[in-house]
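Step one of this worksheet: look at the structure below.
The values are calculated or read from the model by the stated rules, or taken from the named source; none is laboratory data. In this text the structure is predicted, and so the values were computed from the model without any measurement. Neighbour counts are summed over all protein chains in view; Cβ atoms, including those assigned to glycine, are modelled from backbone coordinates with ideal geometry.
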Amino acid sequence: MKKTFFRLVSIVLCVALLFGGAVSASADDVAAADKAFRISVAVNGDTATQRGFCWYSKENHKAKLTVSEAGVPVKEFTVEGFEWEGNFCYKQVVTGLAAGKEYTYSIDLEPGATASSNAVYGSFTTDNADDKVDFIAYADIQAGNLENFQKGADTVSAAFRTMPSAEFMLNMGDFTNDSTNEEWDYYAQVMDGINTTTTVAPVSGNHDGLGVWNWFNNLFCLDTSESVQTLNGVNYSFDYGNAHIAILNTNDVLSISLAQLKWLKNDMNSTDKDWKIVCMHKTPYTLGKDGKWPDALYLQKSLTKVLDACDVDLVLSGHDHQYLRTKPLTNNKIDDNGVTYVLCGTAGSKRYEVRTFLVNNFMKPEFIGMLNIQKKGFGNYWNGTDWESTRETNIGGCFNTVSIDGGTLTFNSYILQDDLDEQGIEAVNRPITNTDSFTLTKTTGQNKITFTGDNTTSEAEFYLGVIPSFCALAAYTFSNWLPKFFIMLPKLISVVAGGGSF
């Protein structure tokens, strides 16, 4: 009943505000019958001792999942699937692992068959729980055909070549364009060698959640125990090294619900880890095409207050297909001790140029620490004065690396250059350019736990909070966004009339 209620309210508001749309999934023949596919190993609870496995098959089986250390099986499970959109989905949480160990695993759909002919193998490494961690962050492959999925996979492969020490990867959402069986199979096909050899911390994008109910939660085995709802995404958190990372669902009531804001505040106050990082799909600060709509801009009003109050260090996001880093901000003002926001660019081939009509309306240029546009033809960057500076090396897929060592966090952004002249140059031979780099430092041991209560959302609290959440978004839309939009409208029309992009 909870999901039905949320679905009805979401559909009405989605249509009213022209956000998102229902997309139907269709089966295809990309995945081979009787062999596991769409395999993912996700963070799920304690990253030193647990992982969440998810995979699919074309037919229904009692599958066997075996986890081994140094070739010796240490965990074995018989897993039954459930039907989902014409295939069968399997999930299994593995607990009781040892910290800092490399494990291999096999998924056998027909255990006992000769030579385990349909077994699939992979590997992962658990967190050793020290104060060092390396990971990769990227966003928005958002492809609809095999060729463009391959371009995204090339970018992620370049990320692991650049940071072979990466312990997990953060995907900021929009894995596919329409969240169909065909697209998820394309994604799995090109990403198989990556997905089966690392751990993923996925973020639900609007193309993974809005209008495509339950897809995201059925593609990964995540800890949903504290998620305020799972219909169009999942919010969850985990520790890795000396960092606490919260994953938000910005599909929740089209942006973020009051229940999820409360969850985030409690979650951030329940950790004494040195670094607090928040990841989400939609971004409060952007100069891309989605920076003119209230669902993302509402985050500037609602979410940033929580981030400021909880001493969050870094926010990573996607959605707007360009790379933008802000200077540290507190209360929407520059502050050396504030929160740094990074819009992670796009690992894919769909890229957005700057919408100059947004400048000084919804985004102040003085907030910009770095801005890179990946679009083929110009590859702009912000030089502190104008948007017309170009670099050929900015034309390509974007990925980012984060390295934490005690009280130092080092962030680097890279571009894997496109095959600009279409000479057939393989991705492994194309230049990788470091386009941005920054370091955050802090005194460790300063964060204190101030919340120790229950951080789950009851159905009653959910029911009571949905309408006020929509009302808060609506109030922002009419009282704040709409007046600014009308003020911006003449400039918007002038830009579009002059051949610019809407």
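Being in contact (Cβ under 8 Å) with a residue 12 or more places away in the chain and closer than 22 Å to V93 by Cα is a property that M163 lacks.
Only residues that are in contact with a helix residue (DSSP H, G or I) (Cβ under 7 Å, 6 or more places away or on another chain), among the charged types (D, E, K, R) and modelled with pLDDT of 95 or more: list them for segment 290-312, please. Within segment 290-312, no residue meets the criteria. Residues that are within 21 Å of V315 (Cα to Cα) and under 27 Å from the mean Cα position of the chain (by Cα) occur in segment 449-469; there is at least one.
Yes/no matrix, rows are residues, columns are (1) more than 17 Å from F411 (Cβ to Cβ); (2) under 17 Å from the mean Cα position of the chain (by Cα); (3) modelled with pLDDT of 95 or more:
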site: T330; (1), (2), (3): yes, no, yes
site: D335; (1), (2), (3): yes, no, yes
site: Y341; (1), (2), (3): no, yes, yes
site: E353; (1), (2), (3): yes, no, no
site: V359; (1), (2), (3): yes, no, no
site: K364; (1), (2), (3): yes, no, no
site: G369; (1), (2), (3): no, no, yes
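Can you work out which of the residues in segment 394-420 that are buried (at least 18 other Cβ atoms within 10 Å of the Cβ) and of a type in the set (V, I, T) is nearest to K276 (Cα to Cα)? Out of the qualifying residues, it is I404.
The set of residues in segment 53-74 that are surrounded by 16 or more Cβ atoms within 10 Å (Cβ to Cβ) and part of a strand (DSSP E or B) comprises F53, C54, W55, Y56, S57, A63, K64, L65, T66, V67, S68. Among residues of segment 253-295 being part of a loop (DSSP other than H, G, I, E, B) and among the acidic types (D, E), the one that is farthest from T450 (Cα to Cα) is D274.
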